[in-house]
Each structure stands twice: as C-alpha cells, then as structure tokens.
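In what follows, a single structure is set out as structure tokens and then discussed.
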Amino acid sequence: MDLPRSSAEKAIARQIASINPDKIAAGPAVRDVDVIILSYGKDDASRQMTLDAIDSLIASEPDRSIGFHVLIVESNKALYPFQYPNAKTIYPSSSFGYHRFMNIGIRQTSSRYVCMCNNDLVFHPFWATAILREMEQDPTLMSASPRCTVFHGQRGIDLSKKVQVGYENGVHVTGWCILARRALFAIIGPLDEHFEFWYCDDDYRNTLKKHGIKHALITGAVVDHLGSRTIDHPTAAAKQRWRLTTWQRLYYEFKWEHGNWAIYALKAIKYEAKRWLGR
C-alpha cells in the first residue's frame, strides 16, 4: 500500500537550518533510542499524521549522533502488511489498550533508552539530544518529558530552568511523549494494562513517585502535541468511549485513592446502569 508523503521533513529541515550544531554539546558518537509510536491508521488523515511524526522525528537529529529505531504499533489490522517508511510496523492480535500496546513495543525493542509516543507529534531539532544530555549528567534521572510550545506555553512555564523535577500531570509529565531508561522497567515492572486510554499518564507518574524515581520536564527539548484525534471522534462507539474514559477513572480511584473493591464494584454498577438508561 502506497501512502502519500508529507512536507513535514522539509518544514523541520528549515528549522534545523536556523540552528548552529556547534552550539549543541557533544556527546557519545551514537546513542540508540527505541521510539515506540502507537498509531490507529483508520483513514488517510490518521495515517498521514503517523507519517508526519516519523518524518519530523528522523529529521530532528541531523548530525545522526542519536540513532532512532522506530517501532509503529498499528491498531488498524486492515492495513497489514503495510510498513510505514523508516520504521518497523507491527499489528498486535490483541485488542487496543494504550499500556498494553506500549508494553508490546517495549518487549520487542532492546535499546538502552526507550521513548513512548503518540502519533500526533512534531519533533523539534535536537529534542532527544537535550534530554539525553541531562540523563548522562545525572544518572538518577530515569524518566523525562519534552516541552510542548503550545501546551506549556499556555501555562507560563519558566524556560530559564532547564530541568524541572516533579510529577505533576501536564507540567512535568506529558503522557504523549516520555523518554526513559530501559532500566526503569526493571524497577516498576510493565505498565498497568488495566489502563487502556485515560489516566495512563496519571498511573505512570504515580508509579514513579511511589518508587521514588526521578522524572523531569526538560524545557530545552521540544516536541509539540497536536491533540487527540481518536477518542473524540463523533463516530466513536458509546460503549468503547465508556470503557476508555469513565471505567478508567473508576479503576484509577480504586488503585490510587481508596483501594476498596466493594466501592469500585458499586460505582461500576451505578455508572453502567446510567449508561444503559441513557442518563
């Protein structure tokens, strides 16, 4: 299957042309990063979004000091055996779950660093260099998120502080792009697959905090998030929306707030009854 190519690489190349690579601190010759991107190529626009993300990712480190190994975990099985350019594409047989598919990607890769990503991203020049530089200077920094010019710009983040340690969702932890040391998962284990969509980032940040694992926002690393294009689609089935949203909140409250199975079950029954009654 042939998909149209985008102009994203040319756009990123123009950004790169304005940057002097000599100002980027030198690091090891090549550092490998496995980049796992979850994709749902349900139509041309969705597939183009994934292509654009790959284009900007590959163009973001022009000196090739970082080797990106891109793994696309594609939900639309009808696309098989299509392979996205500059990436390996796999089609899990299991049903979609954000953490479930991300775990599959983590198991099928092996580099020292792993980056967990949405497909609705634009990677700016040297974003990975900025994060890896901080990780190499601080061996205790196990996980990091880049800055989004729009999302963080609206929150008045202090850009003079390059490394901002913390666990606040939407400030320090940006669920659409997280770069971590693979060794992290030997400590926390696999991502909790009960979380299929909503609250995945909240579960991740709470898990890091529980284990005392340092995470930081790296303001010099920029990856823009274009926003969700799947669950908010008007044709999304009501039952699927409930499972990926409301049910996730109920499980999150059980796991991180009250820990009471009886409360969890009663709330689930209540919300299910409301759904069936159309309230």
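The values are calculated or read from the model by the stated rules, or taken from the named source; none is laboratory data. Source: prediction; values computed, not measured. Note: ideal-geometry Cβ built from the backbone for every residue, glycine included; neighbour counts use all protein chains shown.
Selection of the range 91-122 for residues being over 20 Å from ASP52 (Cβ atoms) and assigned to a strand (DSSP E or B) yields TYR113, VAL114. Of all residues assigned to the range 53-69, at least one qualifies as being acidic (Asp, Glu), without any contact (Cβ under 8 Å) to a residue 60 or more places away in the chain, surrounded by fewer than 22 Cβ atoms within 10 Å (Cβ to Cβ) and over 18 Å from PHE101 (Cα atoms).
With respect to being surrounded by fewer than 20 Cβ atoms within 10 Å (Cβ to Cβ) and either at pLDDT below 95 or not charged (D, E, K, R) (or both), TYR84 falls outside the description. In the range 192-215, the residues that are on the phi > 0 side of the Ramachandran plot form Cβ pairs under 6 Å with partners that are outside any strand (DSSP E or B), at six or more places apart or across chains, as follows: TYR199/GLN248; TYR199/TYR252.
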